[in-house]
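J.: Just passing along the structure, written as structure tokens.
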Protein chains: 2
Amino acid sequence: MSQTVDRALSILPLLAEGPADLGQVADRLGVHKSTALRLLRTLHEHGLVYRQSDQRYRLGARLFALAQEAMENLDIREIAHPHLVRLNEQCGHTVHLAVYEENEVLYIDKVESRYPVRMYSRIGKPVAITVAAVAKLLLADLPEPERRALAEQLDYPLYTARSTPHAEAFLKELATVREQGWATDLGGHEESINCVAAPVRGADGRVVAAMSVSAPNVVVTAEELLSLLPLVRRTADAISGEYSGRTPVKGTPA
Amino acid sequence: MSQTVDRALSILPLLAEGPADLGQVADRLGVHKSTALRLLRTLHEHGLVYRQSDQRYRLGARLFALAQEAMENLDIREIAHPHLVRLNEQCGHTVHLAVYEENEVLYIDKVESRYPVRMYSRIGKPVAITVAAVAKLLLADLPEPERRALAEQLDYPLYTARSTPHAEAFLKELATVREQGWATDLGGHEESINCVAAPVRGADGRVVAAMSVSAPNVVVTAEELLSLLPLVRRTADAISGEYSGRTPVKGTPA
DNA sequence: CTCAGGCGTTGCGTATTCTGCAACGACCAT
DNA sequence: ATGGTCGTTGCAGAATACGCAACGCCTGAG
């Protein structure tokens, strides 16, 4: 709606692909160099882009800080975290927490036990929406027309032979998930990885988040993982209870 | 430099404090509601802000994705990661990698301690710049005038009794660090946590990153931690060598 | 049930702001 | 030395964003 801002913001995903110099930015925006320069300068002042020593631009530090703060302000995350930790202690596997937003599903927390390597590296990354167990739960709760519309505009990459192949299959799976109140991903994303997931609901019963337990089948078979379902559901329900119990409003500025 | 973009971007840190409605945003920007609306809409189209069910705005999902991609494109991080992992395997403690950018020092990678004691730090979070060992190394390498200017504009929070108290002391410490080529933080941030850090240098000898090993003194004493210094330095040097060896330019678009 | 107040939204005329041009200076490689 | 590339600047014109005022919606009070 605002041309200038629109152009400026278009620079960000462009730089996300890698550093670029002024000319490249101007070209890909379809504007004059001087225009691109002014936009980049403004972005720079706000710390969103950084100018490295070779004069090329790349995404800047404040972006991390913003994403960080944004995440910390999600109260579902705050409430859920101790539960995720406890669940991880009980079963030993990787635990994820995810939310739906604007046609995307993304992890907002993760507890890993065996290889704590890259603890936060995948948080914030959009998940494989057509196969992930958490995605199924979150999408299954969307109003029917929206769900259908989304399902049909999605791509269905065949990560493995067990990936959801097309919209029709996906909608059918969502219906099942919606009914049973939990979801799985059995090798749909990576051949050897299975997941079980359960929904976290708000006071009105709508699904506000989903949590999952993931494990490679060299550690536990799919059946063994499924046996954890009651535990996962109990944990999710506990989070739901706490989340809908009270709404701690703390962001009251002076 | 560009008013419109400037205003739009000013909304982001504002929303980072917590969700806000249209009126609040307009007020704090000092613009008319209709203007604020237009800006928010543009931000929304780019996924940088999200409109929650109560109509208030908060930071959006794409912010995470961007921060994510930005991080993955830092090649120092990519090169250093396996070394961090190996170092962690050798000593068992938490290993951090940090860079300096625009008056801030921030962690860009982390390998968790194998000991159950966890330390609060997050990738992307700005570090306690006046006390952290990695910060000392990165700032010590700045050109003298810049270093001095920065040191004097900083705040010096007294996290503990051993925190750096003021600019003068900090500059003195930086001089020492600069000379010896490594740094420590002995309880300057949290009473019981000690760190040893070493610099990663580019081909031109400038410090491009810093890595540290941190451990609570209930696990190892400061002296024991210091005995790891040669190992830490060797690892940092190995990263430096690999980093300055070649400059893999991969971001060449079609 | 009515009405006032608050909030988000829209269309529009004005003028502020952004744009593209062209020229300059720095730097690199030939 | 010199041609080329790249980032930077000032400027005049015009497209663009701004603020205004009015509308519709919802909520809560009388």
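J.: Can you send over the carbon and sulfur percentage of the accessible area for region B:3-66, probe radius 1.4 Å, protein chains only?
T.: Numbers: 1190 of 2820 Å².
Carbon and sulfur: 42 percent of the exposed surface of region B:3-66.
J.: About the Cα centre, and with charges only on the beta carbon of Lys, Arg (+1) and Asp, Glu (-1), how big is the dipole of region B:3-66? Nearest 20 debye, please. Provide the component values of the computation, followed by the final result.
T.: Numbers: 9 positive and 6 negative charges, 27 e Å.
Its charge dipole is roughly 120 debye.
J.: Treating the beta-carbon of each Lys and Arg as +1 and of each Asp and Glu as -1, no other charges, what is the dipole magnitude of the protein assembly as shown about its Cα centre, to the nearest 20 debye?
T.: Values: 56 positive and 64 negative charges, 106 e Å.
It comes to approximately 500 debye.
J.: Follow-up question, since we're still on this one. Residue B:149 label points, 7 Å along Cα→Cβ, one per copy: pairwise distances from this copy to the rest in nm, shortest first?
T.: From this label point to the equivalent ones elsewhere in the assembly: 5.1 nm.
J.: Then there is this: In the structure shown, do any of A:125/B:125; B:125/B:172; A:136/B:125; A:33/A:125 have a Cα-Cα gap over 28 Å, and if so which?
T.: Violating the 28 Å Cα-Cα cut-off are A:136/B:125; A:33/A:125.
J.: Next question. Counting only C-alpha contacts under 8 Å and six or more residues apart, can you give the relative contact order of chain B as a whole percent? Let's see the in-between values first.
T.: Details: 397 pairs, mean separation 36.2, N = 254.
Once normalised by length, the contact order is 14 percent.
J.: Now for a separate question. How far, in degrees from 0 to 90, does helix B:167-180 lean away from the longest principal axis of the Cα atoms of chain B, to the nearest 10?
T.: Result, in degrees: 50.
J.: Contact order normalised by length for region A:3-66, with contacts defined as Cα pairs under 8 Å and 6 or more residues apart; what percent is it? Before the final figure, lay out each step's value.
T.: On the way: 68 pairs, mean separation 20.5, N = 64.
Computed over region A:3-66, the figure is 32 percent.
J.: When the Debye formula is applied to the Cα atoms of region B:1-140, each taken as the same point scatterer, what base-10 log of I(q)/I(0) results at q = 0.15 Å⁻¹?
T.: -0.87
J.: At residue B:10, label 7 Å along Cα→Cβ: distances to the other copies, nm, ascending?
T.: 2.5
J.: Follow-up. Pop the C-beta distance of residue B:219 and residue A:125 into the FRET formula with R0 = 35 Å and round what comes out to the nearest 0.05.
T.: Values: r = 32 Å, r/R0 = 0.92.
Efficiency, from the Cβ-Cβ distance: 0.60.
J.: Any idea of the accessible area per residue across the protein assembly as shown, 1.4 Å probe, to the nearest Å²? Present the calculation step by step, with values, prior to reporting the outcome.
T.: On the way: 23380 Å² over 508 residues.
Each residue of the protein assembly as shown exposes 46 Å² on average to a 1.4 Å probe.
J.: Right, something else. How much mean residue ellipticity at 222 nm does chain B get from its helices, if each DSSP H run of length 4 or more adds -39500 (n - 2.57) and you divide by all residues, to the nearest 500 deg cm²/dmol? Don't jump to the answer; show the numbers that get you there.
T.: Details: 10 runs with 117 residues, N = 254.
Roughly -14000 deg cm²/dmol at 222 nm, from the helical runs in chain B.
J.: Another question, then. As I understand it, the dipole of region A:3-66 uses +1 on the Cβ of Lys and Arg and -1 on the Cβ of Asp and Glu, about the Cα centre. Which of A:14, A:52, A:42 lies farthest toward its positive end?
T.: A:42
J.: Here is a follow-up. Can you list the residues, at least 5 places off or on another chain, whose amide H is less than 5 Å from the amide H of residue B:201, using H built in the peptide plane?
T.: B:208, B:240
J.: Can you give me the angle between helix A:144-153 and the longest principal axis of chain A, using Cα atoms only, in degrees from 0 to 90, rounded to the nearest 10?
T.: The answer is roughly 60 degrees.
J.: Further, regarding this structure: Tell me, what HN-Hα J-couplings in whole Hz come from the Karplus equation 6.51 cos²θ - 1.76 cosθ + 1.60 at θ = phi - 60° for each residue of region B:82-95, using x for Gly and Pro?
T.: Along region B:82-95, the couplings run x, 5, 4, 4, 4, 4, 4, 5, 6, 10, x, 9, 5, 10 Hz.
J.: Would you mind listing the distances between the residue B:219 label point and the same position in each other copy? Use 7 Å along Cα-to-C-beta, nm, one decimal, shortest first.
T.: So the distances to the same position in the other copies read 2.0 nm.
J.: Now for a different question. With a/c under 1.5 counting as rounded, go ahead and sort the protein assembly as shown into rounded, prolate or oblate using the C-alpha gyration tensor (a ≥ b ≥ c being the square roots of the eigenvalues; past the cut-off, prolate if a/b is larger than b/c, else oblate).
T.: Details: a/c = 1.66, a/b = 1.23, b/c = 1.35.
Since a/c reaches 1.5 but b/c is at least a/b, the shape of the protein assembly as shown is classed as oblate.
J.: If you don't mind, there's one more thing I want to ask. In whole angstrom, how far apart do the alpha carbon centroids of region B:136-182 and region B:1-58 sit?
T.: The two parts, judged by their Cα centres, are 37 Å apart.
J.: Let me know the mean shielding of B:97-107 by other chains, meaning the per-residue number of their Cβ atoms within 10 Å of its Cβ. Spell out each step's value before the answer.
T.: Working: counts 0, 0, 1, 1, 8, 7, 2, 6, 1, 4, 2.
That average works out to 3.
J.: Considering the dipole of region A:74-245 built from charges on the beta carbon (Lys and Arg +1, Asp and Glu -1) around the Cα centre, which of A:221, A:195, A:239 is farthest to its positive end?
T.: Farthest towards the positive end: A:221.
J.: Could you derive backbone 3J(HN,Hα) for region B:228-234 from the dihedral phi with the Karplus parameters 6.51, -1.76 and 1.60 (θ = phi - 60°), listing whole Hz in sequence and x where the residue is Gly or Pro?
T.: Once rounded to whole Hz, the list reads 7, 3, x, 5, 4, 5, 4.
J.: Classify chain B as rounded, prolate or oblate from the Cα gyration tensor: take a ≥ b ≥ c as the square roots of its eigenvalues, call it rounded if a/c is under 1.5, otherwise prolate when a/b beats b/c and oblate if not. Walk me through the numbers on the way to the answer.
T.: Numbers: a/c = 1.93, a/b = 1.71, b/c = 1.13.
Prolate is the answer for chain B, as a/c is 1.5 or above and a/b outweighs b/c.
The values are calculated or read from the model by the stated rules, or taken from the named source; none is laboratory data. Fair warning: this is a prediction, and the values are worked out from it, not measured in the lab. With ideal geometry, Cβ positions are generated from the backbone for all residues, glycine too; neighbour counts draw on all protein chains shown. When the accessible area is computed, the model is the full protein with side chains, heavy atoms only, and any ligands, DNA or RNA have been set aside. Shrake-Rupley method; radii C 1.70, N 1.55, O 1.52, S 1.80 Å.
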